Amino acid sequence: MKIPEYFKKKANLSTEAERIVRTAFTREEFPKGHFLFKRDEICKHIYFIEQGFARVYYFSDSGREITADFFSENSFVTAIDSFYQHKPSNVYCELTEDSVVYSISYSEFETLFDKHHEIAKFGFHVLFNMAKEMTEYIINLKFQTAEDKYNALLTKNPTILQKVSLGHIASYLGITQETLSRLRSGK
């Protein structure tokens, strides 16, 4: 879904607001393996994935790669602390397949919100939804069984097994690849 259609479906924007959104975001195509943002760099954009899939990850103190989240089509992604506070990011965002992505810079995002109340209201909805999903992930990580976490992930992203490695999925779920293999085989 293209970003103007996404906004229209989710926010009931006026024709003028739709036109403004259409011109404010930049459409780009990137290959698998491209980084939307990297650790130690300031994330200057918020991204909307029209087509493709992305993985956000970081490295633990021991150097182990940890997948923090996945973002599928019709998702917004950014390094929130870096984007808003203009400080270096602590995470990487890598595309796991060829992708079509819309982006908007922080300054354009802020101008859009300052000038257009209905777009700002929708932007609040998007950011609130991102925070809600992160909160749910943290709660699930602490209180769900490995099997429950795996099933929830498959419900949220039914094609994830075709889009990322099992190692990335295990890392995201906070389990070993062996445990993931047992869950997948139903043992």
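Checked against (1) of a type in the set (Asp, Glu); (2) buried (at least 17 other Cβ atoms within 10 Å of the Cβ); (3) in contact with a helix residue (DSSP H, G or I) (Cβ under 7 Å, 6 or more places away or on another chain), residue 94 passes all but condition (3). Under the condition of being over 27 Å from residue 115 (Cα atoms) and either surrounded by 17 or more Cβ atoms within 10 Å (Cβ to Cβ) or in contact (Cβ under 8 Å) with a residue 24 or more places away in the chain (or both), the residues counted in the range 38-63 number 12.
Scanning the range 23-37 for residues that are at pLDDT below 90 and farther than 15 Å from residue 115 by Cβ yields nothing. Pairing each residue of the range 149-173 that is under 13 Å from residue 184 (Cβ atoms) with any residue that is among the aromatic types (Phe, Trp, Tyr) and in a helix (DSSP H, G or I), provided the two are 6+ apart or on different chains, yields C-beta distances under 7 Å for 173/150. Restricting attention to the range 58-87, report how many residues are assigned to a strand (DSSP E or B) and of a type in the set (S, T, N, Q). Qualifying residue count for the region: 2. Which one of 133, 118 is under 17 Å from residue 69 (Cβ atoms), acidic (Asp, Glu), modelled with pLDDT under 90 and in a helix (DSSP H, G or I)? Matching residue, one of 133, 118: 133.
The values are calculated or read from the model by the stated rules, or taken from the named source; none is laboratory data. Quick caveat, the model's predicted, so the values are computed rather than measured. Heads up, the Cβs are rebuilt from the backbone with ideal geometry, glycines too, and the neighbour counts pull from every protein chain shown.
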